[in-house]
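Asker: Sharing a structure with you now.
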Amino acid sequence: MPEHKVSCVLLADRHHGMSEAVRGMLATLFETAVMVADEQSLLVTARRLQPDVAVVDISLTGSASLGWLRDLRAGCPELEVIVISVHDEESVRCEVMAEGASAFVVKRAISTELLPAIDRLRAGRSVGASTCKGEAEN
């Protein structure tokens, strides 16, 4: 009997209200949407569930470090990671993309940009050609 792979998204954000709203959006694309609220839960749950996509708030840890992104990439190298943030500075986007994020979405545009970004990633297409200094053009 062929194995049926359940599509799964992992949402990591410390802000419960935001998580609930985003989870509702993600439930339209995925069979399962799992929410976590801290770095340890993100890393453990990602390794255990092997989700298709992780949507992670850049401020999940409350520090400026992106160590969680490096750890997530090390444990789940095939995972599509979309970083969301209230910060819309180009330098922030460039930093998360350089650390291995698959896409970057500003929270104020989440209702119009998150689902299309996921669709592009799932179709194997690039999300946003890079304009960051020192990065190769797509």
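Asker: Looking at segment 27-41, which of its residues are free of Cβ contacts under 8 Å to residues at least 60 places away in the same chain and in contact with a strand residue (DSSP E or B) (Cβ under 9 Å, 6 or more places away or on another chain)?
Answerer: Once the filter is applied, which keeps residues that are free of Cβ contacts under 8 Å to residues at least 60 places away in the same chain and in contact with a strand residue (DSSP E or B) (Cβ under 9 Å, 6 or more places away or on another chain), segment 27-41 yields Ala27, Phe30, Glu31, Thr32, Ala33, Val34, Met35, Val36, Ala37, Asp38, Glu39, Ser41.
Asker: Report every pair of residues separated by at least 6 positions or lying on different chains whose Cβ atoms are under 7 Å apart, first residue within segment 116-129 and surrounded by fewer than 16 Cβ atoms within 10 Å (Cβ to Cβ), second at pLDDT 90 or above.
Answerer: Note: pairs meeting the criteria are Gly128/Ala103.
Asker: Pairs, please: C-beta under 6 Å, at least 6 apart or cross-chain, first residue closer than 18 Å to His15 by Cα and in segment 59-74, second at pLDDT below 90?
Answerer: If the second residue must be at pLDDT below 90, the pairs left are Trp68/Thr61.
Asker: Hey, can you tell me all the residues within segment 57-96 that are among the polar types (S, T, N, Q) and either closer than 19 Å to Ile118 by Cβ or in contact with a His (Cβ under 7 Å, 6 or more places away or on another chain) (or both)?
Answerer: Restricting attention to segment 57-96, the residues satisfying the condition of being among the polar types (S, T, N, Q) are 59, 61, 63, 65, 85, 91.
Once the filter is applied, which keeps residues that are among the polar types (S, T, N, Q) and either closer than 19 Å to Ile118 by Cβ or in contact with a His (Cβ under 7 Å, 6 or more places away or on another chain) (or both), segment 57-96 yields only Ser85.
Asker: Mind listing whichever residues of segment 48-87 are of a type in the set (D, E, K, R) and surrounded by fewer than 13 Cβ atoms within 10 Å (Cβ to Cβ)?
Answerer: Once the filter is applied, which keeps residues that are of a type in the set (D, E, K, R) and surrounded by fewer than 13 Cβ atoms within 10 Å (Cβ to Cβ), segment 48-87 yields Arg48, Arg70, Glu78.
Asker: OK, next. Identify, by number, the condition in (1) under 25 Å from Arg48 (Cβ atoms); (2) of a type in the set (D, E, K, R); (3) crowded, with 16+ Cβ neighbours inside 10 Å that Lys107 doesn't meet.
Answerer: In the conditions (1) under 25 Å from Arg48 (Cβ atoms); (2) of a type in the set (D, E, K, R); (3) crowded, with 16+ Cβ neighbours inside 10 Å, Lys107 misses (1) alone.
The values are calculated or read from the model by the stated rules, or taken from the named source; none is laboratory data. Treat the numbers as computed from the prediction; the structure is a model and nothing was measured. No Cβ is skipped: glycine too gets one built from the backbone with ideal geometry, and neighbour counts run over all protein chains shown.
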